[in-house]
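Encoded as structure tokens, the structure appears first; notes follow it.
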Amino acid sequence: MASKQELFEEILNKMNEEGNFDAAVLSLKDGLPLASSRLHDKDDMAAVMVTLLNEAAHKINRELNLSEMDEISIVGDDRTRLVCRYFSVNGSDLLLTVVTPPDRAYRRLTNQTIKEITRVWLS
Amino acid sequence: MLINQRRAEINFKVVYYGPAEGGKTSNLEYIYSHVNPIHRGELVSIKTQGDRTLFFDFLLIELSKINGLKPKFNFYTVPGQTIYAASRRLVLRGVDGVVFVADSQENRLQENIESLTELKEYLHEQGYELNEFPFILQCNKQDLSMATPPQKLREQFGLNGQPCFGSIATQGEQVFDTMKAIINQVTKQR
Amino acid sequence: MASYQTFTVPRSVTLSTEQMERVEECLDELAMNTGVLNTLLTDSTGQLITLRGRIDKKRAEALAALIAGSHAASAEFIKLLGKEAPFVNLSHEADDYSIYSTNVADVLILSVAFGGEVKIGIVRVFIEQARSKLSEIVHETSSANSDDDSVKIRLVDEDFDHFLDKEFEELTDHKK
């Protein structure tokens, strides 16, 4: 029987295939990776960088008194996008980070992925 | 002491205590190399590069089932050097019985007494008094020319009435007798 | 018929058969969720309670003593640093193999060993869940026995001396 990590990685792989995304990582809010797709040996670093980004964004959010964040998106010169989606399952704060090529829709697919991850987590 | 009803096991912890280089590790090494492997586990030794005990030695000995329970004895030694007092205190936690391995050489009397005093203090912290606790005195290095006889050493320590053995641990003399005596003590009524 | 002598020892940890079943279910679930190679449950004095995986039992018993030593040592150095709250988790990481262990209610230690392909985040999350469940079981034990200062055990009386003599003969009687 597959471990949770293997199941999460299947979900991420499926998402990447469907959306033609470059890479994805699921991590805890403090940066510890839970599962990754197409990042392999870089996923520790990726998760940490995303956590730093997340902390900076939350700080800005508080300073500017904006409402709760659901997503951070960074677009590069070549219009490649790094997307971080926040969600909680069973008391654990999680980050789903996805790297998408230019002009690719991601919102619906990441919503679906979050639902599937939640389902597997709670099963 | 740990009872595992599912496995039908009862675990006891026995610590070999005493001053540095008194023969605590030698006791365990002898036991390890002379006990039937099916009745013992691995000998674990955490040592310095100078071959001195750094944290502890550990050896598990199993006996056959009795009254539906299999007695298992977890033997530990402590590091004897003065700087490792904190480690000795840790290793003594949860102890069920102690073998005090004294160095019988005349010129080591002071170290023996200091070690015994420390042992009494650490046992007291756990709510035990030495004279009411499973305890065996082993007076090691009886082969050396300046060795004090066991009965005299026992008197010098103020331990009259406590079981006492004179040993040569490196040669196995009285090693098993000591071990049997402490096993007897920890399993019988106090 | 053998005569029995009852004696009393200070209370330590007693897990009933039913509690052990629940403990083992918890460890099975942990292993399944995380894909770890080996799982060990020990008491805080270094005695092995149960294990999962392909590790040899005698090795596991030695490992239990070492892990407990690590936890005990780390508890002492945090005290020396003047902090009150002890370390709950310890992590030992090598290139392709890691051991992660957690303190359960100051009485037990739960440890897992895993290869490089398992993510530390997964281990941390699910070992925390297991720790919660095991803590509940431990607290049941404490409250069930809170009226007893001691556990009564029965061992054989005169027969025991004879038993011990026989055992020692067998212990030392082998061909090297």
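The values are calculated or read from the model by the stated rules, or taken from the named source; none is laboratory data. The structure displayed is predicted, hence computed values, not measured ones. With ideal geometry, Cβ positions are generated from the backbone for all residues, glycine too; neighbour counts draw on all protein chains shown.
Go through B:26, B:45 for me and flag whichever is within 22 Å of residue B:138 (Cα to Cα), without any contact (Cβ under 8 Å) to a residue 24 or more places away in the chain and among the hydroxyl-bearing types (Ser, Thr, Tyr).
Details: B:26 fails: without any contact (Cβ under 8 Å) to a residue 24 or more places away in the chain.
Within the list B:26, B:45, the selection yields B:45.
All but one of (1) more than 10 Å from chain C (Cβ to nearest Cβ); (2) in contact with a helix residue (DSSP H, G or I) (Cβ under 9 Å, 6 or more places away or on another chain) hold for residue B:81, so report the exception by its number.
Result: residue B:81 fails condition (2) only.
Six or more apart or on different chains, Cβ under 7 Å: which pairs go from a residue in region A:19-36 that's more than 8 Å from every other protein chain (Cβ to nearest Cβ) and under 16 Å from residue C:123 (Cβ atoms) to one that's basic (Lys, Arg) and surrounded by fewer than 19 Cβ atoms within 10 Å (Cβ to Cβ)? Could you list them?
Listed by first residue and then by second, the contacts come to nothing, as the list is empty.
Go through region B:89-114 and give me each residue that's touching a helix residue (DSSP H, G or I) at 6+ places or on another chain (Cβ under 7 Å) and within 12 Å of chain C (Cβ to nearest Cβ).
B:89, B:90, B:92, B:93, B:96, B:97
Listed residues C:60, C:113, C:64; which is within 13 Å of chain B (Cβ to nearest Cβ), under 21 Å from residue C:133 (Cβ atoms), among the small types (Gly, Ala, Ser) and surrounded by 15 or more Cβ atoms within 10 Å (Cβ to Cβ)?
Answer to the check: C:64.
State which residue is nearest to the other protein chains (Cβ to nearest Cβ) when the search covers only region B:172-190 and only residues that are in contact (Cβ under 8 Å) with a residue 40 or more places away in the chain, assigned to a helix (DSSP H, G or I) and of a type outside the set (Val, Ile, Thr). Give the steps one after another, and end with the answer.
In the first step, residues of region B:172-190 are kept if they are in contact (Cβ under 8 Å) with a residue 40 or more places away in the chain; the result is B:172, B:175-176, B:178-179, B:181-183, B:185-187, B:190.
Among the residues that remain, those that are also assigned to a helix (DSSP H, G or I) are: B:175-176, B:178-179, B:181-183, B:185-187.
Applying the additional criterion that residues be of a type outside the set (Val, Ile, Thr) yields B:176, B:179, B:181, B:185.
Details: B:176: 6, B:179: 8, B:181: 10, B:185: 11 Å.
Once the filter is applied, the top-ranked residue is B:176.
In region B:41-72, what residues are assigned to a strand (DSSP E or B) and more than 20 Å from the chain's Cα centre (by Cα)? Please lay out each step first, then the result.
Filtering region B:41-72 down to residues assigned to a strand (DSSP E or B) leaves B:44-47, B:53-62, B:66, B:69-72.
The answer is B:66, B:69, B:70.
So in region C:128-141, with the set limited to residues that are surrounded by fewer than 22 Cβ atoms within 10 Å (Cβ to Cβ) and within 14 Å of chain A (Cβ to nearest Cβ), which one is nearest to the chain's Cα centre (by Cα)?
The initial filter retains those residues of region C:128-141 that are surrounded by fewer than 22 Cβ atoms within 10 Å (Cβ to Cβ), namely C:128-129, C:131-133, C:135-141.
After this cut, where a residue has to be within 14 Å of chain A (Cβ to nearest Cβ) as well, the list is C:128-129, C:131-133.
Numbers: C:128: 16, C:129: 17, C:131: 13, C:132: 16, C:133: 15 Å.
Only one residue fits best here, namely C:131.
Scan region B:163-184 for residues that are over 19 Å from residue B:73 (Cα atoms) and touching a Pro at 6+ places or on another chain (Cβ under 8 Å) and jot them down.
Passing the criteria: B:164, B:165, B:166.
Of the residues C:55, C:127, C:78, C:122, which single one is touching a residue at least 40 places away in the same chain (Cβ under 8 Å) and touching a Pro at 6+ places or on another chain (Cβ under 9 Å)? Spell out how you get there, then give the answer.
Numbers: C:55 fails: touching a Pro at 6+ places or on another chain (Cβ under 9 Å); C:127 fails: touching a Pro at 6+ places or on another chain (Cβ under 9 Å); C:78 fails: touching a residue at least 40 places away in the same chain (Cβ under 8 Å).
None of the others qualify; the one that does is C:122.
Would you be able to say whether some residue in region B:22-40 is assigned to a strand (DSSP E or B) and either within 8 Å of chain C (Cβ to nearest Cβ) or of a type in the set (Lys, Arg) (or both)? Full working, then the answer.
Of all residues in region B:22-40, those assigned to a strand (DSSP E or B) come to B:40.
So of that shortlist, the ones also either within 8 Å of chain C (Cβ to nearest Cβ) or of a type in the set (Lys, Arg) (or both) come out as B:40.
Yes, region B:22-40 contains a residue that is assigned to a strand (DSSP E or B) and either within 8 Å of chain C (Cβ to nearest Cβ) or of a type in the set (Lys, Arg) (or both).
Looking at (1) in a helix (DSSP H, G or I); (2) in contact with a Gly (Cβ under 8 Å, 6 or more places away or on another chain), which one does residue C:76 not meet, given that it meets all the others?
(2)
Run down B:2, B:59, B:43 and say which single residue is facing another protein chain (nearest Cβ under 10 Å), within 21 Å of residue C:69 (Cβ to Cβ), surrounded by 21 or more Cβ atoms within 10 Å (Cβ to Cβ) and in contact with a helix residue (DSSP H, G or I) (Cβ under 9 Å, 6 or more places away or on another chain). Walk me through how you get there before you give the answer.
On the way: B:2 fails: in contact with a helix residue (DSSP H, G or I) (Cβ under 9 Å, 6 or more places away or on another chain); B:43 fails: surrounded by 21 or more Cβ atoms within 10 Å (Cβ to Cβ).
After ruling out the rest, the residue left standing is B:59.
Which one of B:130, B:109 is surrounded by fewer than 20 Cβ atoms within 10 Å (Cβ to Cβ) and modelled with pLDDT under 95? Let's see the steps before the verdict.
Working: B:109 fails: modelled with pLDDT under 95.
B:130 is the lone residue from the list that is surrounded by fewer than 20 Cβ atoms within 10 Å (Cβ to Cβ) and modelled with pLDDT under 95.
With respect to the numbered conditions (1) surrounded by fewer than 21 Cβ atoms within 10 Å (Cβ to Cβ); (2) within 14 Å of chain A (Cβ to nearest Cβ); (3) at pLDDT 90 or above, which one is the sole condition not fulfilled by residue C:38?
Single failed check for residue C:38: (2).
Could you check how many residues of region B:5-21 are part of a strand (DSSP E or B), within 12 Å of chain C (Cβ to nearest Cβ) and of a type outside the set (Asp, Glu)?
Initial filter on region B:5-21 (part of a strand (DSSP E or B)): B:9-17.
From the residues that got through so far, the ones that are within 12 Å of chain C (Cβ to nearest Cβ) too are B:9-15.
Those still in the list that are of a type outside the set (Asp, Glu) too: B:10-15.
Qualifying residue count for the region: 6.
Hey, among the residues in region C:79-92 that are out of contact with any strand residue (DSSP E or B) (no Cβ under 8 Å at 6 or more places or on another chain) and modelled with pLDDT of 85 or more, which one's nearest to the other protein chains (Cβ to nearest Cβ)? Give the steps one after another, and end with the answer.
Restricting attention to region C:79-92, the residues satisfying the condition of being out of contact with any strand residue (DSSP E or B) (no Cβ under 8 Å at 6 or more places or on another chain) are C:79-85.
The next check asks that each one be modelled with pLDDT of 85 or more; those that pass are C:81-83.
On the way: C:81: 13, C:82: 15, C:83: 16 Å.
The qualifying residue nearest to the other protein chains (Cβ to nearest Cβ) is C:81.
Going by the structure shown, is residue B:68 within 13 Å of chain C (Cβ to nearest Cβ) and surrounded by fewer than 18 Cβ atoms within 10 Å (Cβ to Cβ)?
On the way: within 13 Å of chain C (Cβ to nearest Cβ): yes; surrounded by fewer than 18 Cβ atoms within 10 Å (Cβ to Cβ): yes.
It is true that residue B:68 is within 13 Å of chain C (Cβ to nearest Cβ) and surrounded by fewer than 18 Cβ atoms within 10 Å (Cβ to Cβ).
Touching a residue at least 60 places away in the same chain (Cβ under 8 Å) and part of a strand (DSSP E or B) - does that describe any residue in region B:131-152?
Taking every residue of region B:131-152 in turn, at least one turns out to be touching a residue at least 60 places away in the same chain (Cβ under 8 Å) and part of a strand (DSSP E or B).
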